[in-house]
Amino acid sequence: MATNSKRINFIAEVSANHLGSLDRAKDIVLAAAKAGATSVKFQTYTADTMTLDLDLPEFKVSDEHTLWGGRRLYSLYEEAHTPWEWHKELFDLSRSLGLTPFSSPFDLTAVAFLESLDAPMYKIASLETGDHRLIRAVAETGKPLVISTGATEWNEIGELVEVVAKAGNSDLTLLVCTSSYPSDPADSHLRRIETLRNTFGVKVGLSDHTLGIGVSIGAIALGATAIEKHLTLRRSDGGADGAFSMEPEEFATLVREGT
């Protein structure tokens, strides 16, 4: 049992685990609530806002990638994206269950759309940390902001923290993250939690792509205030993110042991 006295934000990440079905997306939200999640996170983009529909090496995942090797980026994003017309229904369902619904926007049109839904907070994904225009737009909403640092150099973290501060937003949580899927627990380097907290004076959490709950529990013991885990109904259902996602019973165990 973790001894951290702070309330932990247990974030259930839906991502591509809806498998193209709104009903399944709703079932994941229901499972998140039953498992004790405090928030549920989506991703707001389309294939066209992310990449170009080209069959060139620069627009493909490297063949060596364990999960998505050789996939065209456009095809992968088409499969993985959450249709924008689903968002309101999923946000409303989440709120009705006592969950905080929020999303990762990947461009300014997504921010405007999420603002129209009165999104209560935002997440910036690891690979968008260099997009200062996007970070500034989100920070200027004045809402809590969570930023993953999985693909970010040390000086880049300092730069994005400065962007948020200059926008007048003081509610920032940095997430320690290892951008591999799934991640090896040996690569978690959880001491980064203390380093980020002491250096930047912000809340720090973990975006955890490892299997199991051990790394997340360790992060909570080190003072993490947010834990983000992908959630699916069953890993055997497949999908772009299924192999490194938690099942509901595992998420419930994480919440129980982490509080």
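Kindly establish whether R71 is closer than 18 Å to T51 by Cα and among the charged types (D, E, K, R). Yes. Somewhere in the stretch 209-216, is a residue open to solvent by 50 Å² or more (accessible area, probe 1.4 Å) and either without any contact (Cβ under 8 Å) to a residue 40 or more places away in the chain or within 30 Å of E250 (Cβ to Cβ) (or both)? Scanning the stretch 209-216 turns up at least one residue that is open to solvent by 50 Å² or more (accessible area, probe 1.4 Å) and either without any contact (Cβ under 8 Å) to a residue 40 or more places away in the chain or within 30 Å of E250 (Cβ to Cβ) (or both). If you check S183, S216 for being under 18 Å from the mean Cα position of the chain (by Cα) and part of a loop (DSSP other than H, G, I, E, B), only one passes: S183.
Of the residues contained in the stretch 223-244, one or more are found to be assigned to a loop (DSSP other than H, G, I, E, B), more than 30 Å from Y77 (Cβ to Cβ) and either open to solvent by 10 Å² or more (accessible area, probe 1.4 Å) or without any contact (Cβ under 8 Å) to a residue 12 or more places away in the chain (or both). Each residue in the stretch 145-175 was checked for being out of contact with any strand residue (DSSP E or B) (no Cβ under 7 Å at 6 or more places or on another chain), part of a loop (DSSP other than H, G, I, E, B) and either open to solvent by less than 20 Å² (accessible area, probe 1.4 Å) or not β-branched (V, I, T) (or both), and 5 pass. Could you check how many residues of the stretch 84-97 are without any contact (Cβ under 8 Å) to a residue 24 or more places away in the chain and closer than 13 Å to F113 by Cα? Total satisfying the criteria: 1. For the stretch 8-20, the count of residues that are open to solvent by less than 20 Å² (accessible area, probe 1.4 Å) and over 20 Å from P105 (Cβ atoms) is nonzero.
The residue of the stretch 37-81 that is surrounded by the most Cβ atoms within 10 Å (Cβ to Cβ), among those that are more than 17 Å from the chain's Cα centre (by Cα) and either closer than 19 Å to K229 by Cβ or modelled with pLDDT of 95 or more (or both), is L67. Being more than 18 Å from T82 (Cα to Cα) and either within 15 Å of the chain's Cα centre (by Cα) or among the aromatic types (F, W, Y) (or both): is that true of T100 here? No, not satisfied. The criterion of at least 2 residues that are hydroxyl-bearing (S, T, Y) and at negative phi is met, among strands (runs of 3 or more DSSP E) falling completely within the stretch 1-119, by 39-44, 100-105. Criterion applied to S126, S104 was being open to solvent by less than 10 Å² (accessible area, probe 1.4 Å), in contact (Cβ under 8 Å) with a residue 24 or more places away in the chain and either of a type in the set (S, T, Y) or in contact with a His (Cβ under 6 Å, 6 or more places away or on another chain) (or both), and the one residue passing it is S104.
The values are calculated or read from the model by the stated rules, or taken from the named source; none is laboratory data. Remember, predicted model here, so these are calculated numbers, not experimental data. Heads up, the Cβs are rebuilt from the backbone with ideal geometry, glycines too, and the neighbour counts pull from every protein chain shown. We work out accessible area using only protein heavy atoms, side chains counted, and drop any ligands, DNA or RNA first. Shrake-Rupley method; radii C 1.70, N 1.55, O 1.52, S 1.80 Å.
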